[in-house]
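The values are calculated or read from the model by the stated rules, or taken from the named source; none is laboratory data. What you see is a predicted model, and the numbers here were worked out from it, not measured in a lab. Don't worry about glycine lacking a Cβ; one is built from the backbone with ideal geometry, like all the others, and counts go over all protein chains shown. Each accessible area value is taken on the protein alone, full model and side chains, heavy atoms only, with ligands, DNA and RNA left out. Shrake-Rupley method; radii C 1.70, N 1.55, O 1.52, S 1.80 Å.
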Amino acid sequence: MKALLPIVFVNCTLGASAQLTGTFTVGGASPDYTTLIEAVNDLNAEGATGNVVFNIRPGTYTGQYDLGIIGGAPGSITFKSETNNAADVILEHDASGSVDNYIFRLEATDNLVFQALTFRPVNTWFARAINFYSECNLLSIASCVFEGSTEPNQNSGFERTIIFCGQNVIGTEDNPQDVIISDNIFHNGYAGMELDFAGDLGARSEGLIITDNLFDDQYATAITVHNAVGQIGDNIIRTSHGNFFTGIRTSFFDHGSQIRRNRIEAYATTGGCTGIECGNTQNTTGNMISNNMVYCHASGDVWGLAVYNMWDMKILHNSVLVDAGNAAQSYAFYHLSNFADGQDALVRNNIFANNAGGFAYKVSVAGNVGTEDHNDLFSTGTEISSQGAATYADVAAHQSGTGQGTGDVDHDPGFPFVPDLHLNSCALDGAGEYFFVSAADIDGHARGNPACDIGADEFSFNAGTVSMTVDITDQELPYILMAPSGGIYLWSQGSTTRAIEAPLEGPYTCEFTDANGCTYTLQWTLNVDYTTGLSEAAVIPDDVLYPNPARMHITLPNTTGATWYNITDLHGRNVQEGPLTDRSPIDICGLTPGIYVVRWADGDAWWVGRVVKE
């Protein structure tokens, strides 16, 4: 419990008129507080009555800030960008070590809101943004941007966790309650967040909501939660350089907690990776993992969805694809407890696919999954499942050996646009069986009843065209377009291979027949930004280069005196270059019709533009 004495002391020593209330400006012209440090110091010293809002004006604010129990009778305390644009307000701090490794540190601060701010820890090795602990009740972190360290070294990686709660470190059960982390963007960092709440005697942080966040290119984990009750849902987690990466890791996340509707795209360039790992639900009820799309790709051991020490866990309508990994230790679904635990896990209406050749479904102790049915178990290997010491080559053997899985199938799901795991399969359409606790899919579409679809996506097979839009820069050309594996291909360009190189923007189509005989057309619309050639170049609008389109010559603006130009095609190959004097026309008669990128210098400045040769 929070001590009352500090609050009584503050009320006795501060007059009511001194306490903050209302809205205050920070920074900019004629502010209430010149710096954020002044605002925080005043809040700590004077306390608050009712709601307080600090509108922070555009700028970069360097410093670190400590908040404890706010004296007086505070309502909500909000720190936000005045423009409601996170890019306009940047909070920076260069930590010197573990002691000052934070931008904001909160101890038992109630009803606090961070909104539309950019947090930028500057130090490479000590790079936390927010550190909170004790009874921080009603903490909201919303619509913020976090820019973490780009250091991948595992040594002391926890010091580079962007949002951190180390409740176990202080040895108290007074956990934060009702923490909401929503609509934020996390770039880089060794981990996006690690929330280690205290769990002694069954203590939990209740009301935890982590939703609608984007986690982009963390090295080790995106979300780690211990000893909490709540929801982790509707987050996008993706990494292109994971280091033994795990998307979501929870333990003692129970009492009806849910992990649902998350999209995980995990590429580990070092070691293996895991999409979702969940354990220790400790004799509680109502727990669920549902409607998640989990894609994993690594050279080491890969676990798509891994659980252990489970009580009353429902695992429903997940789409899991292990696309690459060490076949001997890579599993799409893995119940890894090596002892008899809850014996009541329900696994139903999931797609567990393993293109690495390992098991689609592995349960270490027979009986730990109480009910398993209407799942798609697929592997490119010779065996699809393992339970206890037994292994099974196909669904019929699995059903006979386990006594479960009456409605199971073993179809290659053939996801059209991996790592996106939305589905288009004539073989799987309607192959599931409605289960009342999951009435909608990952996109909010209603489930069929009584027949529904297996996996996170409720769909109707489309024998026509399914489409995907891809936005890239010219530096990514030629771009590799990849159809699903195990099929027959006929591209609009005439190729019959699984993958082609796309040299230009525009639509590309492939008539595809999957391993189950489902035929339809895949279409990619490739949008290319052609103005990214030089990071230091200023971009010229297309209508400033003239004429544009051009047949014989072009004239470049912003040229005075002698300069140099070069023209590249969309593959980045240099096709023409030479000297240029005082806006003299450039002869382009020798270029074949197409789109070209022109770069030229004017003094110390570089310019870049795009021209169409007719």
- Report, to the nearest whole %, how much of the accessible area of region 268-338 belongs to carbon and sulfur atoms, 1.4 Å probe, protein only. 44 percent
- Note on the structure: Karplus-derived 3J(HN,Hα) from phi for region 90-96 (6.51 cos²θ - 1.76 cosθ + 1.60, θ = phi - 60°), whole Hz, x at Gly and Pro, runs 10, 9, 10, 7, 9, 5, 9
- Message: Amide H of Leu91 versus every other amide H placed in the peptide plane: which residues, excluding those fewer than 5 positions away on the same chain, fall under 5 Å?
- Response: Tyr61, Thr118, Phe119, Arg120
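What accessible area per residue, rounded to a whole number of Å², is obtained for the chain using a probe radius of 1.4 Å? Numbers along the way, then the final one.
Details: 23640 Å² over 614 residues.
Value returned for the chain: 38 Å² of accessible area per residue.
Working with all protein chains in place, sort Val145, Val320 by solvent-accessible area computed with a 1.4 Å probe, largest first. Could you put the intermediate results ahead of the total?
On the way: Val145 30, Val320 0 Å².
I get Val145, Val320, largest accessible area first.
Give the relative contact order (percent, whole number) for the chain; include only Cα pairs under 8 Å separated by 6+ residues. Before the final figure, lay out the partial values.
Numbers: 1872 pairs, mean separation 32.3, N = 614.
With pairs under 8 Å counted, the relative contact order is 5 percent.
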- For the chain, whose charge dipole is built from +1 on Lys and Arg Cβ atoms and -1 on Asp and Glu Cβ atoms, the candidate among His93, Gly357, His297 with its Cα farthest towards the positive end is His93
- Task: Rank these by accessible area, largest first, 1.4 Å probe: Asp420, Asp514.
- Result: Asp420, Asp514
- Query: Once all Cα-Cα distances of region 333-396 are split into 10 Å bins that start at 0, what whole-number percent is in each one?
  - Reply: 23, 55, 21, 0
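How would Trp600, Trp607 line up by accessible area, probe 1.4 Å, largest first?
Working: Trp600 0, Trp607 55 Å².
Accessible-area ranking of Trp600, Trp607, largest first: Trp607, Trp600.
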- Helical mean residue ellipticity (222 nm; -39500 (n - 2.57) per DSSP H run of 4+; nearest 500) of the chain: -1500 deg cm²/dmol
- For Leu201 and Ser485, what is the calculated FRET efficiency with R₀ set at 35 Å and r taken between the beta-carbons, to the nearest 0.05? 0.10
- Query: Residue farthest toward the positive end of the dipole of the chain, with Cβ of Lys/Arg at +1 and Asp/Glu at -1: which of Ile454, Ser205, Gly148?
  - Reply: Gly148
- Task: Could you check the simple spin-label distance between Asn516 and Asn462, using points 7 Å along Cα→Cβ, in nm with one decimal?
- Result: 1.7 nm
- Query: What nm distance separates the two modelled labels at Ile472 and Thr270, each placed 7 Å from Cα along Cα→Cβ?
  - Reply: 2.8 nm
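For region 210-264, rounded, prolate or oblate, judged on the Cα gyration tensor with a ≥ b ≥ c (square roots of eigenvalues), a/c < 1.5 rounded, else prolate if a/b > b/c? Kindly include the intermediate steps, with their values, before the conclusion.
Values: a/c = 2.96, a/b = 1.59, b/c = 1.86.
Oblate, because a/c is 1.5 or more while a/b does not exceed b/c.
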- Query: Cα centroid distance between region 504-529 and region 399-436, in Å?
  - Reply: 23 Å
- Task: Straight distance only, please: which aspartates and glutamates reach the Cα of Lys613 with their own Cα at less than 18 Å, same-chain residues fewer than 8 apart left out?
- Result: Asp474, Glu505, Asp529, Asp542, Asp543, Asp569, Glu577, Asp587
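Note the full-extension length gain between Ala440 and Asn84 as 0.36 nm times their separation in residues minus their Cα-Cα distance, in nm to one decimal.
On the way: separation 356, 0.36 × 356 = 128.16 nm, distance 3.28 nm.
Going from the current span to full extension adds 124.9 nm.
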- Mind listing P(r) for region 223-323? All alpha-carbon pairs, 5 Å bins, whole percents. 3, 15, 26, 24, 17, 10, 4, 0
- Note on the structure: region 26-60 scanned against label point 7 Å out from Ala18 along Cα→C-beta; backbone N under 14 Å for 42-49
- Note on the structure: Using alpha-carbon positions, the gyration tensor of region 34-104 gives root eigenvalues a ≥ b ≥ c; with a/c under 1.5 called rounded, otherwise prolate if a/b exceeds b/c, else oblate, the class is oblate
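Would region 123-237 count as rounded, prolate or oblate if I go by the C-alpha gyration tensor, calling it rounded below 1.5 in a/c and otherwise prolate when a/b exceeds b/c, oblate otherwise? Walk me through the numbers before you get to the answer.
Working: a/c = 2.00, a/b = 1.33, b/c = 1.50.
It is oblate, given that a/c is not under 1.5 and a/b is not larger than b/c.
For region 305-433, which semi-axes, largest first and in whole Å, follow from the square roots of 5 times the eigenvalues of its Cα gyration tensor? Can you show the working numbers first?
Numbers: eigenvalues 92, 50, 40 Å².
Each semi-axis is √(5λ); the values are 21, 16, 14 Å.
Using a 1.4 Å probe on the protein heavy atoms, what percent of the accessible area of region 122-176 belongs to carbon and sulfur? Each step should come with its number before you reach the end.
Working: 960 of 1980 Å².
For region 122-176, the apolar C and S fraction of the accessible surface comes to 48 percent.
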- Note on the structure: Measure of exposure for Phe186: accessible area at 1.4 Å probe, Å² rounded to 10, is 0 Å²
- Alpha carbons only, please: Rg and Dmax for region 270-334, in angstrom. 12.5, 37
- Query: Cα centroids of region 134-201 and region 296-361: how far apart, whole angstrom?
  - Reply: 27 Å
- Just for the Cα atoms in the chain, what are the lengths along the principal axes, largest first, rounded to whole Å? 84, 77, 43
